[in-house]
Amino acid sequence: MALLLAGGALIGFLLAVLGAGGSILLLPLLVSGAALPTKAAVPLSLLVVSLLALGNVGPYIRRRQVAIQPALVLGLPALAGSWIGGSLVKAGLIPEAVQLGIFTAAALLASWLLNRRVALEHPPNDGRPAGSPVALASQGVLVGLLTGVAGVGGGFAIVPALVLLAGLPMPLASGTSLLLITTNSLVALAALGHWPTAQLPLLFPLVGGGFLGAVVGQRLAPHLPEVRLRQGFSALLIGSALLTGFEAWRRHDHPPAVSTAAASRQNVRSPSWPASPVSASSAVSIAP
């Protein structure tokens with residue numbers, strides 16, 4: 001419980017400051033820390049991140065740090081990608097180790113893109129696109145697929161896309177990202193069609209800690225330097241990618257004990273030999 005409360009506080013703080021980083025920590029926390037199977041961790045992660053993102057977007061809206069046009073160009077294709085990715089997972093076409101592997105690769109790529117020298121230079125403040133709208137829309141599809149497949153809000157991919165392709169400064173990209181995270185997560189959750197009923201008690205320490213961290217983050221966000229935010233975010237991406245990559249490797253080579261136990265129970269309930277019926281003669285012989 002203490003781990004989930006502390007993790008939720010850190011996630012809420014990062015969402016308030018960066019507009020991203022929530023699910024990049026939450027999925028490893030649920031998979032490695034709480035030992036949940038990915039099938040349960042993904043919808044719970046989407047639910048928590050959507051609630052925290054919705055709670056954090058208010059101050060950015062009041063400061064007018066939400067860019068509507070880039071949000072639509074990137075967000076609408078992302079919604080389609082979220083639905084497709086969630087539907088693929090629901091159909092059982094993507095194994096658990098592949099889900100975690102995709103998450104790891106995407107986090108490392110986003111870290112490299114955001115930490116390049118050109119990305120660390122201050123972007124233009126007028127909000128004019130630095131790249132093609134087609135490139136931004138294509139990135140939206142990829143972000144949506146990642147949201148549906150790996151159970152992440154996609155902020156760690158949305159923020160670099162808005163900074164590098166839409167030319168937004170970090171605060172504006174963060175506010176826009178929070179809005180997109182909320183919609184993407186809800187669409188992906190609907191596409192999965194799986195409500196994490198058994199894991200809902202874990203929601204309370206995560207969301208409670210998240211809102212406490214958000215209060216601190218919202219006070220600090222306007223005063224933190226943009227370059228340091230990007231560098232810290234990049235380091236966070238690398239750490240989470242390594243943790244999730246290790247978990248993907250471990251689960252691929254050593255399936256969780258829960259699955260093994262379930263298989264054992266299945267074998268006990270359904271033995272490979274037929275049960276011998278009690279014959280009529282036996283029944284007669286044991287009758288009083």
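The values are calculated or read from the model by the stated rules, or taken from the named source; none is laboratory data. Because the structure is a prediction, the values reported are computed rather than measured. Cβ atoms come from the backbone with ideal geometry, glycine included; neighbour counts cover every protein chain shown. SASA here: full protein model, heavy atoms, side chains in, ligands and nucleic acids out. Shrake-Rupley method; radii C 1.70, N 1.55, O 1.52, S 1.80 Å.
Here the condition is being closer than 17 Å to L146 by Cβ and either open to solvent by 10 Å² or more (accessible area, probe 1.4 Å) or of a type in the set (D, E) (or both); of L4, L36, L25, L46, it holds for L25 alone.
Considering only region 135-165, state which residues are of a type in the set (A, V, I, L, M) and outside any helix (DSSP H, G or I). Full working, then the answer.
Kept after step one, since they are of a type in the set (A, V, I, L, M), are these residues of region 135-165: 135-137, 141-143, 145-146, 149-150, 152, 157-159, 161-165.
If the condition is that a residue be of a type in the set (A, V, I, L, M) and outside any helix (DSSP H, G or I), then V152, L165 are the ones that fit.
Inside region 166-189, can you point out the residues that are surrounded by 24 or more Cβ atoms within 10 Å (Cβ to Cβ) and in a loop (DSSP other than H, G, I, E, B)? Scanning region 166-189 gives A166, L168. Tell me, please, whether a residue that is of a type in the set (V, I, T) and at pLDDT below 75 can be found in region 133-147. Taking every residue of region 133-147 in turn, none turns out to be of a type in the set (V, I, T) and at pLDDT below 75. Of the helices (runs of 4 or more DSSP H) lying entirely inside region 1-94, those containing at least 2 residues that are free of Cβ contacts under 8 Å to residues at least 24 places away in the same chain are 38-62, 68-90.
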